[in-house]
Amino acid sequence: MYFGQVLTAMVTPFDQHGDIDFNATRTLVNHLITNGSEGLVVAGTTGESPTLTTDEKLDLFAFVAKVTNGRVPVIAGTGSNSTKASIRLTQQAESTGVDGIMVVTPYYNKPSQEGMFQHFQAIAQSTTLPVMLYNIPGRSVVNLSVETTVRLSKVPNIVAIKEASGDLDAMTKIISQTSPEFTLYTGEDSLTLPTLAIGGAGVVSVSSHIVGNEMQDMITSYKHGNVQEAASIHQHILPIMKAMFAQPSPSPLKEALNMQGVTVGNVRLPMIPLNEEEKRALHQLLQSYVKKVS
């Protein structure tokens, strides 16, 4: 299932008390849609899902679905390392108006491939919503294998995968061994262009908060055969992509958004804000980027 070519893994705005700031969330959603996002992933890694309560997630899903009002698909992050809890949240998410769910590989437990297959299958079978798998071994420790991904792609409502392993060979095999209706997105911003080259659909992005239109231009240029232009855009925005992960995400991204007047507040512990030196370096980069494009 194709959700678009640039999806944004949205940050969760917090107010000065550390609660979800829904006014800021409305502003952020509209900012993202205006600036190149064709879909929004809510309460994923970038949304600080481990620190959100179930009630907060459900309120966030419902609010974002209401604000988007069908303009772009909303994909709710409902996965955890508990199959039972993931099923419960997924079923509750159905009533919030979201268009799909994203389910991360079970972290900390370190299940086997068969365990992961049964985990994802059970969640998918509990809902009528389309399901996006989310493989991110750098955070979950376990890696969803090509073989398991291909098996899962045959479950009727498992329609896509966000592949954040960075393994282009594995991604190539997944694309070649699954049906054309099964969609692969990279979860690594800097691999967007290489992912297109191997047949991927696009990216579930962090940097699109800042350079969403540029990422759209890059992908569109590539698809229209303007490979040199796409490569030039990639080279230009790569420093921004790298800067968003120079410290634990989403701290740099939230700081960058705040610097640009899109107020999203701070991160929740155990994440911490950038220190003054890190802020200065980020500010200088953003200023130099603006100067280049102006």
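The values are calculated or read from the model by the stated rules, or taken from the named source; none is laboratory data. Keep in mind that this is a model prediction, so the values were computed, not measured. Glycine gets a Cβ as well: all are built from the backbone with ideal geometry, and neighbour counts include every protein chain shown. The protein model used for the area step is the full one, side chains on, heavy atoms only, and it has no ligands, DNA or RNA in it. Shrake-Rupley method; radii C 1.70, N 1.55, O 1.52, S 1.80 Å.
Residue check: residue 78 meets all listed conditions (1) within 30 Å of residue 220 (Cβ to Cβ); (2) of a type in the set (Ser, Thr, Tyr); (3) buried (at least 22 other Cβ atoms within 10 Å of the Cβ) but one, namely (1). Among the residues making up segment 277-294, none is among the aromatic types (Phe, Trp, Tyr) and open to solvent by 60 Å² or more (accessible area, probe 1.4 Å). Taking into account only those residues within segment 252-276 that are touching a residue at least 12 places away in the same chain (Cβ under 8 Å) and charged (D, E, K, R), which is surrounded by the most Cβ atoms within 10 Å (Cβ to Cβ)? Residue satisfying both the conditions and the ranking: 254. Each residue in segment 62-75 was checked for being open to solvent by less than 20 Å² (accessible area, probe 1.4 Å) and in a loop (DSSP other than H, G, I, E, B), and 1 of them qualify.
Yes or no, residue by residue, for (1) part of a helix (DSSP H, G or I); (2) in contact (Cβ under 8 Å) with a residue 60 or more places away in the chain; (3) open to solvent by 50 Å² or more (accessible area, probe 1.4 Å):
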{"site": "195", "(1), (2), (3)": "yes, no, no"}
{"site": "215", "(1), (2), (3)": "yes, yes, no"}
{"site": "229", "(1), (2), (3)": "yes, no, yes"}
{"site": "232", "(1), (2), (3)": "yes, no, yes"}
{"site": "236", "(1), (2), (3)": "yes, no, yes"}
{"site": "239", "(1), (2), (3)": "yes, no, yes"}
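Only residues that are assigned to a loop (DSSP other than H, G, I, E, B) and either charged (D, E, K, R) or surrounded by 15 or more Cβ atoms within 10 Å (Cβ to Cβ) (or both) were counted across segment 3-24, and they come to 10. For residue 181, the conditions (1) out of contact with any strand residue (DSSP E or B) (no Cβ under 9 Å at 6 or more places or on another chain); (2) assigned to a loop (DSSP other than H, G, I, E, B); (3) under 28 Å from residue 125 (Cβ atoms) all hold with the exception of (1). Can you give me the number of residues within segment 27-45 that are touching a helix residue (DSSP H, G or I) at 6+ places or on another chain (Cβ under 7 Å), assigned to a loop (DSSP other than H, G, I, E, B) and buried (at least 20 other Cβ atoms within 10 Å of the Cβ)? So the answer is 4. Among the residues of segment 197-208, just one is in a helix (DSSP H, G or I) and farther than 17 Å from residue 243 by Cβ, namely 197. Counting only residues that are within 25 Å of residue 70 (Cβ to Cβ), out of contact with any Leu (no Cβ under 7 Å at 6 or more places or on another chain) and in a helix (DSSP H, G or I), segment 94-122 holds 1 of them. Restricting attention to segment 241-251, which residues are surrounded by fewer than 19 Cβ atoms within 10 Å (Cβ to Cβ) and part of a helix (DSSP H, G or I)? Within segment 241-251, just 242 meets the criteria.
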